[in-house]
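The structure under discussion appears below in the form of C-alpha cells.
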Amino acid sequence: QALLVESGGGLVPAGGSLRLSCAGRTLSSYSMGWFRHAPGKEREFVAGISRSATTCYADSVKGRFTISRDNAKNGVYLQMNSLKPEDTAVYYCAASSKIGITTKYDRYDYWGQGTQVTVSS
C-alpha cells in the first residue's frame with residue numbers, strides 16, 4: 001500500500017518557481033499523477049507519469065511544469081516554473097495501479113494529504 005506524503009508547497013510571486021515532492025513506499029509500482037484543487041473549482045489533473053516514465057500534462061501547465069520520478073528513491077516530483085496566480089491551489093500526489101497514465105481522478109488508488117501552493121500577483 002502506498003502512503004503518500006507531499007512537500008514543497010509555499011508562497012511564491014508570479015513568475016517564480018516551486019518544486020513539489022511526493023514520497024511513498026513502492027511508488028515504482030504505480031503510475032503517478034499530480035492534481036490540484038482550487039476553491040470554487042473542480043479537482044483538476046495537472047500531470048502524470050507512467051511506470052516507464054512516459055509523461056502527460058494538462059494544457060494549462062504544458063511548457064511550464066515538469067513531472068519526473070526517481071524509482072530508486074521512491075519519489076515523484078513536480079517542477080513548476082513561470083507560476084501564475086491561477087496556479088494557486090492545493091496540490092495532491094496520487095498513485096494508480098492502472099497501466100499507463102490516466103487523467104481521471106477516480107482511477108487513482110491512493111492520495112496524499114496535499115500541499116498548498118499560493119502564487120501572488
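Quick notes on this structure:
- Whether the range 52-121 is rounded, prolate or oblate, judged on the alpha carbon gyration tensor where a/c under 1.5 counts as rounded: prolate
- Sequence-distant aspartates and glutamates (8 or more away, or on other chains) whose Cα lies within less than 14 Å of Lys41: Glu86, Asp87
- Between Ser68 and Gln116, the simple spin-label model (points 7 angstrom out along Cα→Cβ) gives 2.9 nm.
- Computed E for Thr54/Asp106 - FRET, C-beta separation, R0 30 angstrom, nearest 0.05: 0.90
- For the chain: accessible area per residue (Å², 1.4 Å): 51
- What you get for the chain, charging only the Cβ of Lys and Arg (+1) and of Asp and Glu (-1), is a dipole of about 240 debye around the Cα centre.
- Once the C-beta distance of Ser28 and Glu86 is scaled by a Förster radius of 41 Å, the resulting FRET efficiency is 0.80 to the nearest 0.05.
The values are calculated or read from the model by the stated rules, or taken from the named source; none is laboratory data. Since the model is a prediction, treat every value here as computed from it, not as a measurement. Positions of Cβ are generated from backbone atoms using ideal geometry, with glycine treated the same way; all protein chains shown enter the neighbour counts. SASA here: full protein model, heavy atoms, side chains in, ligands and nucleic acids out. Shrake-Rupley method; radii C 1.70, N 1.55, O 1.52, S 1.80 Å.
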